[in-house]
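S.K.: Okay, handing you the structure first.
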Amino acid sequence: MSAAKGLKAIAPVPTASDFLDIVLSKTQRKTPTVIHKNFKISRIRNFYMRKVKFTQDSFDEKLGAILTEFPMLDDLHPFLSSLLNVLYDKNHYKLALGQLRTARHLIDQVAKDYVRLIKFGDSMYRCKQLKRAALGRMATIMKRQKDPLAYLEQVRQHISRLPAIDPTTRTLLVCGYPNVGKSSFVNKVTRADVDVQPYAFTTKSLFVGHLDYKYLRWQVVDTPGILDHPLEEMNTIEMQSITALAHLRAAVLYFMDLSGQCGYTVEAQCKLFHSIKPLFAGKPVLVVCNKSDIVKPDDLGDEDKALLQSVLAEGAQLVIASCYNEEGVMDVKNTACDALLAHRVENKLKGSKVNAIANRIHVAVPKPRDDLVRAPFIPDTVLSRKKFDKDDPERPKLERDIQEENGGAGVHSIDTKKNYFLGNDEWKYDVIPEIMDGKNVADFIDPDIMERLEALEREEEKLEADGFYDSDEEIVDSEDERHAEAETARKLALAKKHAKNRTNLPRTAGMRTISEMAESLTAAGLDPSRLQERAAMLAKARGAKRKREGAEGMDVDAEDMSGDEDTYGDEAGMEVDGEEDTPRKRAKANSGAALATTRAARIRTNRLRAGMADEVQASKAVRLRNLGQRMRNMHAKAGESDRAIRVKMPKHLYSGKRKGGKTDRR
Amino acid sequence: MRVEKCYFCSKPCYPGHGIAFVRNDAKMFRFCSSKCHKNFKMKRNPRKVKWTKAFRKAAGKEMNIDATYEFEKRRNVPVRYDRELMQTTVKAMQRVAEIRKRREHAFWKNR
């Protein structure tokens, strides 16, 4: 957004030659470039027509953009338009824009004509020449626009640097002769930094500063100095002030330098005032006597005083200020702002828009409902209380004083328990238990705790009397219970036994000794003597055979001997009489009072040889068996069914390089 | 300083132990240990977790209602300090604890 309100940012205006370059190079890039004379003639014509049209369009577009961007002076606020007029000469401005417009029109014409001619071109050469002519004429037209384009570029640059003056808001306009102190005032009152120099016309254009007063934003416009000559003779710089004066609805601050240091007498200044008086119509005017540190209005001579009076007679207010020592500057500001505010409010009230707002505002005031006076109540003691005075030696002692006495803030800790109200003052500094046995003491504290405890004790006694707490002796078990217990004990024993993988019956379960037999026979009324003799004889024979077999040498697998227990289904080896056809049995080597077999019927099956024809075959069988077991034993397998893999991926087989071997060893 | 009860297992949480969790509806939960805290975060119901007092009371394994429980009650009105009262309170606490223990044992025997 351009600085001045109401002026938008304008795109830079290129010079004529640049303009031409831009458009022509654009044509070259954006249109097809390949053409040959033995293309179809229509194609050739199209090609050249396109170029001409494209160039025309580009010119059109760019010129149109410029024309729309530059503001129409008539569409702007009169202040802006007259300011622009003052600065750039309205006529010249309009002319330049008009020239561009004409140029655009001319280019259009050229293009139209030449396109019509190309339509009937019969050869590539002819078409090309026509295109060249068209573009050439457009170029010439543009070259003639050098001056307007340059001027417009200048204008654009200047416009972008204009100060942002809002013509409608609250403004203070500072005017007067050159060097009276206008810019210094603006510097003092706002944050603007206007050049202040001893030579006249230091300020060559309008400057804006902003100030805040009564929560509102005010513009302060600093103008270049005005000299006293008629309007027609004024130069651009002065005309800017005049424009501002004429079009801005502002409070006018007419600065005067009573000392004459600006180079102009009081008389001259007053004369200037009178000549630009018409511009002050309808505006609150303030006459500021600046440089009051040098000369005050009272110090003036009589004629000057009279002149000053004449100035003030017009309804202007007089303020005395000095920007040098800053006295009266704020006064000026305040007076000016108030005057302008009053003026604006007055104008608004006179207008019709106020009613719309006034209708909507209502101030409510509470109505008294009766005549009773309700005054605030303050007790007498409070009214009569002596106010605490820091310096009074009789003042009451504060905790703070005690603290100071005893060593200060970090050393002494204030005794907060001093003023406790307790039943007995000795209790003030007691340490109170809080937790006991995982319970909070505070939960139990109760003024009636004693009564409740008594009630509880009585209850306890009652319960005790009822036998609630009688210690329970083991109640006599009934028969069923005892059986049940025995049962469970038995079950437990059985379970233990099975856990050890033992048989239900011991080896000696069905065993009977000879003496037992003799007894039972005697009890039956039979004579056991003959049987006893025979049994003794057999026993002796067995013992002798065993000794003999031990000398002969046992079998290879001696362990089988202890393992054999070839008892048959019937009575455990009670055959006394020989039964030759019964198979041989091997009796256990050291079963003492056990099996007695017939000499003849002693069967000793050698399991190692069973099923084999001879020793050779047997030993081969053994060798084969060992062979089959070797691999498993080497791998520490428990048996042929042991397929467990303890380590799925042993590290030594899966890491390292395979240097020269297999993956079962790396 | 107060000894609070653990929300999950109902054990006492001494000051400086455990975690307190405040929910968005301003309900506060105290836990005596990370065990209880983690169980709570797993959304376990203490009434179903066997080792908590809540379960035991709900399942009738421990004495629930008794006169001795009436002594321990959170009081909102502070009582002015009285040394004798404090002494009697401490003694009463011990006696009440004894009685309660006895009753609990009797309950356990008869349950």
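S.K.: Using a basic spin-label model with each label point 7 Å from the Cα along Cα→Cβ, how many nm lie between A:Asp57 and A:Phe377?
M.R.: The modelled label-to-label distance comes out at 9.3 nm.
S.K.: Checking the table A:Lys188/A:Lys214; A:Lys143/A:Lys204; A:Lys188/A:Lys296; A:Lys53/A:Lys146 against a 27 Å threshold on Cα-Cα, which pairs fail? Present the calculation step by step, with values, prior to reporting the outcome.
M.R.: Details: A:Lys188/A:Lys214 18 Å; A:Lys143/A:Lys204 35 Å; A:Lys188/A:Lys296 20 Å; A:Lys53/A:Lys146 23 Å.
As for pairs spanning more than 27 Å Cα to Cα, those are A:Lys143/A:Lys204.
S.K.: How high is the FRET efficiency from A:Arg502 to B:Asn24, r the C-beta distance, R0 45 Å, rounded to 0.05? Mind showing how you got there, number by number?
M.R.: Numbers: r = 67 Å, r/R0 = 1.49.
Given R0 = 45 Å and the Cβ-Cβ separation, E is 0.10.
S.K.: Compute the longest continuous run of chain A that contains no exposed GluC sites (Glu not before Pro); treat a site as exposed when its DSSP state is not H, G, I, E or B and it has at most 10 other Cβ atoms within 10 Å.
M.R.: Values: sites that count: A:Glu394, A:Glu473, A:Glu474, A:Glu571, A:Glu580, A:Glu640.
Here the longest segment lacking exposed loop sites spans A:1-393.
S.K.: What ranking of A:Tyr199, A:Tyr177, B:Tyr69 emerges when the number of other C-beta atoms within 10 Å of each C-beta is taken as an exposure proxy, fewest first? Spell out each step's value before the answer.
M.R.: Working: A:Tyr199 8, A:Tyr177 24, B:Tyr69 12.
With the sparsest Cβ surroundings first, the list reads A:Tyr199, B:Tyr69, A:Tyr177.
S.K.: Taking R0 as 30 Å, what's the FRET efficiency between A:Tyr199 and A:Thr169 from their Cβ-Cβ distance, rounded to 0.05?
M.R.: Values: r = 32 Å, r/R0 = 1.08.
For R0 = 30 Å, the calculated efficiency reads 0.40.
S.K.: Here's another thing I want to ask about it. Of all beta bridges DSSP finds with both residues in the protein assembly as shown, what is the antiparallel percent, to the nearest 5?
M.R.: Numbers: 15 of 35 bridges.
Within the protein assembly as shown, antiparallel bridges account for around 45 percent of the total.
S.K.: Here is a further query. May I ask you to sort A:Tyr88, A:Tyr254 by Cβ crowding, counting other Cβ atoms within 10 Å and putting the fewest first? Working shown, then result.
M.R.: On the way: A:Tyr88 19, A:Tyr254 25.
Fewest-to-most ranking of A:Tyr88, A:Tyr254: A:Tyr88, A:Tyr254.
S.K.: Still on this structure: What average number of partner chain Cβ atoms lie no more than 10 Å from the Cβ of the residues making up B:87-94?
M.R.: Whole-number average of other-chain Cβ neighbours for B:87-94 is 6.
S.K.: Starting from the 7 Å offset along Cα-to-Cβ, what nm value, one decimal, do you get for the label separation of A:Tyr125 and B:Lys61?
M.R.: Each label point lies 7 Å from its Cα, and together they span 11.9 nm.
S.K.: Okay, moving on. With θ set to phi - 60° and the Karplus curve 6.51 cos²θ - 1.76 cosθ + 1.60, what are the ³J(HN,Hα) couplings of segment A:85-100 in order, to the nearest whole Hz, using x for Gly and Pro?
M.R.: For segment A:85-100, the Karplus-derived couplings read 4, 4, 7, 10, 6, 3, 5, 4, 4, 5, 4, 4, 5, x, 5, 5 Hz, x marking Gly and Pro.
S.K.: Do any of B:Lys41/B:Lys101; A:Lys497/A:Lys637; A:Lys439/B:Lys35; A:Lys491/A:Lys637; A:Lys428/B:Lys5; A:Lys94/A:Lys348 go past 26 Å between their Cα atoms, and which? Intermediate results must be reported in sequence, preceding the final value.
M.R.: On the way: B:Lys41/B:Lys101 33 Å; A:Lys497/A:Lys637 29 Å; A:Lys439/B:Lys35 22 Å; A:Lys491/A:Lys637 37 Å; A:Lys428/B:Lys5 31 Å; A:Lys94/A:Lys348 37 Å.
Violating the 26 Å Cα-Cα cut-off are B:Lys41/B:Lys101; A:Lys497/A:Lys637; A:Lys491/A:Lys637; A:Lys428/B:Lys5; A:Lys94/A:Lys348.
S.K.: Same structure, new question: Quick one: if the Förster radius is 41 Å, what FRET efficiency do A:Asp664 and A:Ser619 give, using the C-beta to C-beta distance and rounding to 0.05? Intermediate results must be reported in sequence, preceding the final value.
M.R.: Details: r = 34 Å, r/R0 = 0.82.
Working from the Cβ atoms, E equals 0.75.
S.K.: If we count other beta carbons within 10 Å of each Cβ, what is the order of A:Asp166, B:Asp25, A:Asp527, fewest first?
M.R.: Values: A:Asp166 16, B:Asp25 5, A:Asp527 10.
Arranged by neighbour count, lowest to highest, A:Asp166, B:Asp25, A:Asp527 become B:Asp25, A:Asp527, A:Asp166.
S.K.: Something else about it: Kindly identify segment A:171-352 as rounded, prolate or oblate by the Cα gyration tensor criterion: order the square roots of the eigenvalues as a ≥ b ≥ c, call it rounded if a/c is under 1.5, otherwise compare a/b with b/c, prolate if a/b is larger, else oblate.
M.R.: On the way: a/c = 1.24, a/b = 1.23, b/c = 1.01.
Cα axes put segment A:171-352 in the rounded bin.
S.K.: Quantify how strongly other chains surround peptide B:74-80 by giving the mean number of their Cβ atoms within 10 Å of each of its Cβ atoms. Walk me through the numbers before you get to the answer.
M.R.: On the way: counts 3, 5, 0, 0, 2, 4, 5.
Across B:74-80, the average partner-chain Cβ count within 10 Å equals 3.
S.K.: Determine the dipole magnitude for segment A:81-192: charges of +1 sit on the beta-carbon of Lys and Arg, -1 on that of Asp and Glu, nothing else is charged, the reference point is the Cα centre, and the result goes in debye to the nearest 20. Provide the component values of the computation, followed by the final result.
M.R.: Numbers: 21 positive and 7 negative charges, 76 e Å.
With only Lys, Arg, Asp and Glu charged at Cβ, the dipole is about 360 debye.
S.K.: Can you classify the protein assembly as shown as rounded, prolate or oblate using the Cα gyration tensor, where a ≥ b ≥ c are the square roots of its eigenvalues, rounded means a/c under 1.5, and otherwise it's prolate if a/b beats b/c and oblate if not?
M.R.: Values: a/c = 5.18, a/b = 1.89, b/c = 2.74.
It is oblate, given that a/c is not under 1.5 and a/b is not larger than b/c.
S.K.: What distance in nm separates the simple spin-label points at A:Trp427 and A:Glu461, each placed 7 Å from Cα in the Cβ direction?
M.R.: Modelled inter-label distance: 2.9 nm.
S.K.: In a shell of Cβ-Cβ distance under 13 Å around B:His17, excluding B:His17 itself, what net charge do Lys and Arg (+1) and Asp and Glu (-1) give?
M.R.: Working: positive: B:Arg2, B:Lys5, B:Lys11, B:Arg30, B:Lys35; negative: B:Glu4.
Net of charged neighbours comes to +4.
S.K.: OK, next. By how many degrees, 0 to 90 and rounded to 10, does the Cα axis of helix A:236-247 deviate from the longest principal axis of chain A?
M.R.: 80
S.K.: Can you tally the net charge around A:Val411? Count Lys and Arg as +1, Asp and Glu as -1, for every other residue whose Cβ sits under 12 Å from the Cβ of A:Val411.
M.R.: Values: positive: none; negative: A:Glu404, A:Glu405.
Net charge around A:Val411: -2.
Only the coordinates and a few stated rules stand behind these numbers; no lab work does. Values in this document were obtained by computation on a predicted structure and should not be read as measured data. Note: ideal-geometry Cβ built from the backbone for every residue, glycine included; neighbour counts use all protein chains shown.
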